[in-house]
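None of the figures in this text is laboratory data; all of them are computed from the coordinates on show. None of the values given here were measured: they were computed from a predicted structure.
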């Protein structure tokens, strides 16, 4: 059963212990990174300045969350060889880590025996799951998210994240 549509910002602000993100797509096409991705494709250079207009909202949000004692972790399941988008994402992950996130990468071939949820998700304090909904080409769909808290949904999402995390390669050791 879906909960009242609480936003990501509200859920992150209410997190007390953990906020973990499971990403499973090989490409995204969300509007807020379109210009940066286009520039990277054109020049091969990624904005990795945590103080840039592009990054500062995320960096500030993660730093404030980590400062409250909340662990912020991100696990990405990726196909190999990786897509152009994943190379772009990998190039910018240094800023996620700088902000206070821990990030791991799991090659999809090592995830075959993991029961994964049908959508990317954020899990807050092992109590609430926010599923992200995308179109086939990676743009946000309507509605863009769904908040769930049923025990079976929490067990699936939490077990999936924990298994991906335990098998994942820390960002500093993963090359694309």
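Descriptive notes on the structure:
- For segment 50-152, share of DSSP beta bridges that run antiparallel, in % to the nearest 5: 60 percent
- Of 132, 119, 39, the residue with the greatest mean-square motion in the GNM of the chain, using alpha carbon springs below 10 Å, is 39.
- Over the chain, Cα pairs under 8 Å with separation of 6+ residues give a relative contact order of 31 percent.
- Every pair of different Cα atoms in segment 4-68 enters the Kirkwood calculation, which places the hydrodynamic radius at 14.2 Å.
- Gyration tensor verdict on segment 48-170 (Cα atoms; rounded if a/c is under 1.5, prolate if a/b is larger than b/c, oblate otherwise): rounded
- Taking every DSSP bridge with both residues inside the chain, close to 55 percent are antiparallel.
- For segment 76-176, relative contact order (Cα pairs under 8 Å, six or more residues apart, normalised by length) works out to 33 percent.
- Averaging the Cα positions of each part gives two centres, and for segment 117-151 and segment 4-31 these lie 8 Å apart.
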